[in-house]
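Chemist: Mind having a look at this structure? Questions to follow.
The values are calculated or read from the model by the stated rules, or taken from the named source; none is laboratory data. Please read these numbers as outputs of a predicted model, since none were measured by experiment. Note: ideal-geometry Cβ built from the backbone for every residue, glycine included; neighbour counts use all protein chains shown.
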Amino acid sequence: MNKTTRSILKAIHPASLILSGGAVMGGLTASVIRGGISVFPAIMTLLFAILLQISANLYHSYFHLCYSGGDRLKGLRTHDSKIANSPEVAIYRIVANSFAILALTAGMSLFTFIGWIGMGYVVVISVMYYFYFMGPNPLVRTRWSLIFTFLFFGPIAVSGTALIQNLTNPDWLPIAVYSVINGMLAVNAHIAIQYMHYEEDKKNNYETLVTAKGGSFSRFVYFGNAAIVCIVLIIRPSAVEYVSPWVGIIIGICLLVSSIWVFSMMHRNPVNVSKLIRSVTLWQYLTVVIVLMAIVMYSVDHFRVNVFHFL
């Protein structure tokens, strides 16, 4: 494997794909509570989310390379044509364009399920992803990035997935519940990543929450998010009938305990503990995603969904 291939694989950021997949699983779990899921639309929604995340990550790396050698003017970096025309950057552009085409192809299939509303959803989320990940000064590298992280991986992804499954159901409570769960955990994952890149971001004058406010403030935001998710999991105002309430209680308590440990570690030197904090945070999110996935998979059998009916 050559250097460019390794660099591209690293730029895909596999950890972020967990967030995208988990957001769709949150929407599908809400759909289970709202009456059941259709398998084929669920598969296409998940495929669209993952392909869009990959293309966004690659475009982010591409724009970062294009503008990294330029000068910063009024908060934006000027384009460096020499770097932008290099063979390595050209390969980034080609691979990113390829995944973008695949993502849009998967997204166009949503038109089959909910018509122009589905296409509108694809267009809106694609445009928002552009401003979030790309350009000379993407929102992901600002102190406001966590707000957009919550919106993308919470309300937008969860509601979009659930509405594709059932557009007419008036029950919005499950969508709200899983928007909070997925959105808050995604924000914590982003805080952990910002904490790990603290030195690099500070050197490059990227004003993230952690570089602007420091680890002491960021850890309170982190713990507050975890506490909210824990309360939601324990109260479970919109529970799946055939899943024991103890599942939410146990996961919520484990989440809170591990977040207390992260809270105690986040005031230390990032070099010493940042990778461990990121790993713990991703495991928190992955655990919740696995439970959501189990609920979705069990519901397929519970509701006797005929896969071939949707093909």
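Chemist: Report the residue count in segment 31-82 for those that are aliphatic (A, V, I, L, M), at pLDDT 80 or above and farther than 17 Å from Phe152 by Cα.
Modeler: 8
Chemist: Same structure, new question: Given (1) in a helix (DSSP H, G or I); (2) of a type in the set (S, T, N, Q); (3) at pLDDT below 80; (4) under 20 Å from the mean Cα position of the chain (by Cα), where does Ser159 come up short, assuming only one miss?
Modeler: So the condition that Ser159 fails would be (3).
Chemist: Would a scan of segment 102-109 turn up a residue that is modelled with pLDDT of 70 or more, closer than 23 Å to Val300 by Cα and more than 19 Å from the chain's Cα centre (by Cα)?
Modeler: yes
Chemist: Given Gly252, Gly214, which one is crowded, with 20+ Cβ neighbours inside 10 Å and free of Cβ contacts under 8 Å to residues at least 24 places away in the same chain?
Modeler: On inspection, the qualifying residue turns out to be Gly252.
Chemist: Restricting to segment 20-36, give me the number of residues that are surrounded by fewer than 24 Cβ atoms within 10 Å (Cβ to Cβ) and either in a helix (DSSP H, G or I) or among the aliphatic types (A, V, I, L, M) (or both).
Modeler: Residues flagged as surrounded by fewer than 24 Cβ atoms within 10 Å (Cβ to Cβ) and either in a helix (DSSP H, G or I) or among the aliphatic types (A, V, I, L, M) (or both) within segment 20-36 amount to 3.
Chemist: May I pose another question? Just to be sure I understand the filter: pairs with C-beta atoms under 7 Å, separated by 6 or more residues or on different chains, first member in segment 268-289 and under 17 Å from Ala226 (Cβ atoms), second member crowded, with 21+ Cβ neighbours inside 10 Å and hydroxyl-bearing (Ser, Thr, Tyr). Which pairs pass?
Modeler: Ile277/Tyr195
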